[in-house]
Amino acid sequence: MSLTELFDDELIPVLRRLGDRPKGAGQEAPSEADTAARELVWATLADLGELRALLPVRLGGPADALARLVATAEVMGPALFQSPFQDTVLAAELLAADGRHDALLERIAEGTRTVAAAVREHGTDEPSRPAPLTTHDGRVSGTRRFVAFAPDVDLLLVAGDHEHALVAAGAPGLTLRRHDDIGRGDLHRVTLERAEPVPDGLLPHGPSYGRALARARIVQAGYLTGLVHGALELTVERVKNRSAFGRPLAQHQALAHRLAAAAAEATVVRSFVRSVARDGDTGQDIGSTAAQALFLAADLARDVTAEAVHLHGAAGLTEEQDISVFHRRAAVDTLTLGSPTALRREVAALLAARHHVLGD
């Protein structure tokens, strides 16, 4: 089996609905069938070797690891596959830089350990500046919100401004409470009260965090370009079959031009994302370009899914249409690793700093 066979046309509609929980679902766990299906897909990704790209080269990871991770995320996008994939990219990079967790990295690559990232203390926080994390006698306390997959993973990487903590999901002192979210996902508030990290689980906050965040962002951008591709495919099929004024919508020039423009923009953004990934694999600093790629992909995802709902007509607003799922997921997934507004501020600050250095 290949990656494209795993995310084939028959399975994709099923994957889009996995973990889709109705508003007000409360604290009950997702259905066992959905959880089992997500775990099976994750295990298959490991069997296919897709998670080996999470390993550093010294542990046998490929030299083009970031490009491979982006390619995997692009395939996941049309399926809206909800998983800790992007979080694991962030965590694996930090663990590799720390140098004390090679055995854990191998288990992550084998698919037998999963990690979720807990970064925001408040909804207005940005991942580039993690909130403080209180440590005392080797134990950690703090609150993180909007943490995806918290009940499903083995470990939580809790980011802090001075150090990060790797905590087992069932550790004493760690409690979870589900948030409602517009994407009908499974976000949680994580509260730590003197929770004990795993051995060697306190990681310093340094330059490695910025590099890890940039790599996770470019993978997220790849996922969003895949999401856009999926939304466009659904919409093209819809306008071929929906008629107005006696002919299919696809034959109306104005609508055809709008879809063609969206497809062209999607192609340009995808090419930029892939280019940044290749730069990252050659060791270049991709902090600013990854942020640029992510806000471009995020803007595109929101614009295209909104247009797609419009072109589906009134039916596009209903729960039965997959395009409504794309629209809801885009609203959430475009914010997970930085809002577009904050990303633009980051890029502006980085470019200004670079200009200042070159001017000196």
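Here are the numbers for the structure shown:
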| item | result |
| --- | --- |
| Residue within segment 316-329 that is of a type in the set (A, V, I, L, M), surrounded by fewer than 16 Cβ atoms within 10 Å (Cβ to Cβ) and modelled with pLDDT under 95 present | yes |
| Matching residues, segment 54-66, being in contact with an Asp or Glu (Cβ under 8 Å, 6 or more places away or on another chain) and open to solvent by less than 30 Å² (accessible area, probe 1.4 Å) | L55, A65, L66 |
| Residue match in segment 23-36 (condition: within 24 Å of A277 (Cα to Cα) and free of Cβ contacts under 8 Å to residues at least 24 places away in the same chain) | no |
| Residues within segment 109-120 that are within 23 Å of R144 (Cα to Cα) and either in a helix (DSSP H, G or I) or polar (S, T, N, Q) (or both), tallied | 1 |
| P78 being farther than 15 Å from A214 by Cβ, open to solvent by less than 30 Å² (accessible area, probe 1.4 Å) and modelled with pLDDT of 95 or more | yes |
| Count of segment 10-33 residues which are open to solvent by less than 40 Å² (accessible area, probe 1.4 Å) and either in a loop (DSSP other than H, G, I, E, B) or out of contact with any Pro (no Cβ under 8 Å at 6 or more places or on another chain) (or both) | 8 |
| Matching residues in segment 161-173 - criterion: being closer than 25 Å to L69 by Cα and either exposed (fewer than 14 other Cβ atoms within 10 Å of the Cβ) or not hydrophobic (A, V, I, L, M, F, W, C) (or both) | H164 |
| Pick from segment 200-212, criterion open to solvent by 10 Å² or more (accessible area, probe 1.4 Å) and part of a helix (DSSP H, G or I), ranking: nearest to V167 (Cα to Cα) | S208 |
| Output for segment 285-331, where each listed residue is among the polar types (S, T, N, Q), over 23 Å from A353 (Cβ atoms) and in contact (Cβ under 8 Å) with a residue 12 or more places away in the chain | T305, S324 |
| Single residue of G138, G123 found to be more than 20 Å from G19 (Cβ to Cβ), open to solvent by 10 Å² or more (accessible area, probe 1.4 Å), touching a strand residue (DSSP E or B) at 6+ places or on another chain (Cβ under 8 Å) and in contact (Cβ under 8 Å) with a residue 40 or more places away in the chain | G138 |
| Answer residue from segment 34-50, given it is more than 14 Å from V153 (Cβ to Cβ) and among the acidic types (D, E) and is surrounded by the fewest Cβ atoms within 10 Å (Cβ to Cβ) among those | D47 |
| Pair list, Cβ under 9 Å, 6 or more apart: segment 240-264 residue among the polar types (S, T, N, Q) and modelled with pLDDT of 70 or more, other residue open to solvent by 40 Å² or more (accessible area, probe 1.4 Å) and part of a helix (DSSP H, G or I) | N241/A250 |
| Search result, residues across segment 81-115 that are small (G, A, S) and either modelled with pLDDT under 95 or surrounded by fewer than 22 Cβ atoms within 10 Å (Cβ to Cβ) (or both) | S83, A96, A97, G99, A103, G111 |
| Condition broken by H229, with the remaining ones in (1) of a type outside the set (S, T, N, Q); (2) part of a loop (DSSP other than H, G, I, E, B); (3) open to solvent by 30 Å² or more (accessible area, probe 1.4 Å) satisfied | (2) |
| Sole exception among (1) in contact with a strand residue (DSSP E or B) (Cβ under 7 Å, 6 or more places away or on another chain); (2) open to solvent by 50 Å² or more (accessible area, probe 1.4 Å); (3) without any contact (Cβ under 8 Å) to a residue 60 or more places away in the chain; (4) not in a strand (DSSP E or B) for P197, by number | (2) |
| Any hit, segment 115-123, residues being of a type in the set (D, E) and under 20 Å from the mean Cα position of the chain (by Cα) | yes |
| Residues within segment 223-236 that are over 9 Å from the mean Cα position of the chain (by Cα) and farther than 15 Å from S324 by Cβ, tallied | 7 |
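Let's see how each residue does on (1) surrounded by fewer than 19 Cβ atoms within 10 Å (Cβ to Cβ); (2) assigned to a strand (DSSP E or B):
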site	(1), (2)
S128	no, no
T175	yes, yes
D181	yes, no
R215	no, no
L224	no, no
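Table: residues versus (1) open to solvent by 20 Å² or more (accessible area, probe 1.4 Å); (2) more than 24 Å from P56 (Cα to Cα); (3) β-branched (V, I, T).
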residue	(1), (2), (3)
A264	yes, yes, no
S271	yes, yes, no
R274	yes, no, no
R278	yes, no, no
G283	yes, no, no
S288	no, no, no
A293	no, no, no
A297	no, yes, no
V304	no, yes, yes
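The values are calculated or read from the model by the stated rules, or taken from the named source; none is laboratory data. Values in this document were obtained by computation on a predicted structure and should not be read as measured data. Note that each Cβ is placed from the backbone with ideal geometry, even for glycine, and that neighbours are counted across all protein chains shown. Remember, those area values only see protein heavy atoms, side chains included, never the ligands or the DNA or RNA. Shrake-Rupley method; radii C 1.70, N 1.55, O 1.52, S 1.80 Å.
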